[in-house]
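As structure tokens, the structure follows; a few thoughts come after it.
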Amino acid sequence: MKIALVYHDLFLKHQPGAYHPERPERLLKIRERLAAEDVAPLVEYLEPRKATKEEILWNHSEAHYERVAATAGKSSVQLDPDTATSEDSFEAALYAVGAQFTALDELFRENYQAVFCLVRPPGHHAEYDRAMGFCLFNNVALAAHYALKVLKFSRILIVDWDLHHGNGTQRSFYHHREVLYFSTHQFPYYPGTGRLEEIGHGEGLGFTVNVPLPAGLGDAEYLLVFREILQPIALEYRPELILISAGFDPHRDDPLGGMRLSAQGFGALAGVLKEIAEETCEGRLLLTLEGGYSLSGLSESVAEVIKVLAGVKAPEIKADPEPAAAEFIREVRKFFSRYWKI
Ligand SMILES: [Zn+2]
């Protein structure tokens, strides 16, 4: 089965400023890479629909929606120190959310095994009442709301491998067990949240799993986290759907990050997720682009991930994890044994 890519040219028209790292070229470069002969036969493009105001309000306040709506047609509005809009940003953001819904509908018509939303602006920092960190509306959180409300699911796993912690997504489901939020991120770093001890609250206790990582980790260490922490928790949780906040800023060439993942490393992580999805939810995976600011690192990594999702054997990571990092990961694993059988 092919991998569906949900994309709209409007995503190029969100322009946060001439020197902003989250720029339209990111998507152009990905599209160029995916047109090469090793990937092109594996993918099919789909047009997203537009999200409605009512749908955005599943995750955001009306005041926030109106603030973003008021940027329409204006050449530049600064919504937070890192987040600016252009004439078409509001429209692009509505389609970026709508892409999630289109993707989910396609997954459940069983037309595709996996769907990758190639969207801008990204979403995981956007909070209930504010835009933040290049994000206007929280695309992945809204995908989870759609799966809960429209598709009537009750167990959704979100895996956020972006370099940064997805503060907005975490907050959306902090008190709920219907959504398990799992994040690996460089720590301490922007946005400051994502400590190990942030584990959810009330009914949601144990259903937020943060793995804050020191800078400098690479393929072997990330793979260890996925195998030793994510995989056992996910197999116990048994999600009915897996959503991935796919940020590629942990890539070794990324100008904003201090991690050392390679494109093959991302492929290997996708391999673990595919295994989990096949064991728990008939292989259904929805990936959504978050960060990633090295154009070559980003586009190569997306291509690797798509190849693995389409059935190419996941790259083997031969290196051993650094002993100090492996020890740290064992400690984190032990921490979560209070909540999970790991
Ligand atoms: Zn990021």
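The values are calculated or read from the model by the stated rules, or taken from the named source; none is laboratory data. These numbers were taken from a predicted model, which means no experiment stands behind them. Neighbour counts are summed over all protein chains in view; Cβ atoms, including those assigned to glycine, are modelled from backbone coordinates with ideal geometry. When the accessible area is computed, the model is the full protein with side chains, heavy atoms only, and any ligands, DNA or RNA have been set aside. Shrake-Rupley method; radii C 1.70, N 1.55, O 1.52, S 1.80 Å.
Things to note:
- Tabulated pairs, segment 209-229, first modelled with pLDDT of 95 or more, second small (Gly, Ala, Ser) and part of a helix (DSSP H, G or I), C-beta under 7 angstrom, 6+ apart or interchain: 217/325; 218/265; 219/265; 219/268; 221/325; 222/265; 223/268; 224/326
- Evaluation of residue 240 against (1) away from the ligand (no atom under 15 Å from the Cβ); (2) touching a Ser or Thr at 6+ places or on another chain (Cβ under 8 Å); (3) open to solvent by less than 40 Å² (accessible area, probe 1.4 Å) (one fails), failing number: (3)
- Restricting segment 243-258 to residues that are of a type in the set (A, V, I, L, M, F, W, C) and buried (at least 24 other Cβ atoms within 10 Å of the Cβ), the residue that is nearest to the ligand (Cβ to nearest atom) is 248.
- Residues in segment 285-332 that are charged (D, E, K, R), open to solvent by less than 30 Å² (accessible area, probe 1.4 Å) and more than 16 Å from the ligand (Cβ to nearest atom): 304 alone.
- Applying a threshold of 6 Å to beta carbon distances and a minimum spacing of six or more residues, or different chains, the list of pairs starting in segment 18-30 at a residue that is outside any loop (DSSP other than H, G, I, E, B) and ending at one that is hydroxyl-bearing (Ser, Thr, Tyr) reads 29/299; 30/299.
- Test: residue in segment 115-136 that is surrounded by 24 or more Cβ atoms within 10 Å (Cβ to Cβ), away from the ligand (no atom under 16 Å from the Cβ) and more than 11 Å from residue 288 (Cβ to Cβ): no
- Some residue of segment 266-281 being within 15 Å of the ligand (Cβ to nearest atom) and among the acidic types (Asp, Glu): no
- If you go through segment 79-93 and pick out every residue that is outside any loop (DSSP other than H, G, I, E, B) and touching a Ser or Thr at 6+ places or on another chain (Cβ under 8 Å), you end up with 5.
- Subset of segment 242-289 (residues that are farther than 14 Å from residue 157 by Cα and of a type in the set (S, T, N, Q)): 262, 264
- So residue 291, is it out of contact with any helix residue (DSSP H, G or I) (no Cβ under 7 Å at 6 or more places or on another chain) and in contact (Cβ under 8 Å) with a residue 60 or more places away in the chain: yes
Listed here are the residues, each with its yes/no results for (1) closer than 18 Å to residue 246 by Cβ; (2) in contact (Cβ under 8 Å) with a residue 12 or more places away in the chain; (3) among the basic types (Lys, Arg).
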| site | (1), (2), (3) |
| --- | --- |
| 100 | yes, yes, no |
| 113 | yes, yes, no |
| 120 | yes, yes, yes |
| 128 | no, yes, no |
| 132 | no, yes, no |
| 141 | yes, yes, no |
| 162 | yes, yes, no |
| 167 | yes, yes, no |
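- Enumeration of residues in segment 49-65 that are open to solvent by 20 Å² or more (accessible area, probe 1.4 Å) and in contact with a Gly (Cβ under 9 Å, 6 or more places away or on another chain): 49, 50, 52, 55
- Of everything listed in (1) in contact with an Asp or Glu (Cβ under 9 Å, 6 or more places away or on another chain); (2) not in a helix (DSSP H, G or I), the single unmet condition for residue 116 is (1).
- Filtered by the rule that a residue be within 23 Å of the chain's Cα centre (by Cα) and open to solvent by 80 Å² or more (accessible area, probe 1.4 Å), segment 74-93 gives a lone residue, 81.
- Condition broken by residue 234, with the remaining ones in (1) more than 16 Å from the ligand (Cβ to nearest atom); (2) open to solvent by less than 20 Å² (accessible area, probe 1.4 Å); (3) out of contact with any strand residue (DSSP E or B) (no Cβ under 8 Å at 6 or more places or on another chain) satisfied: (3)
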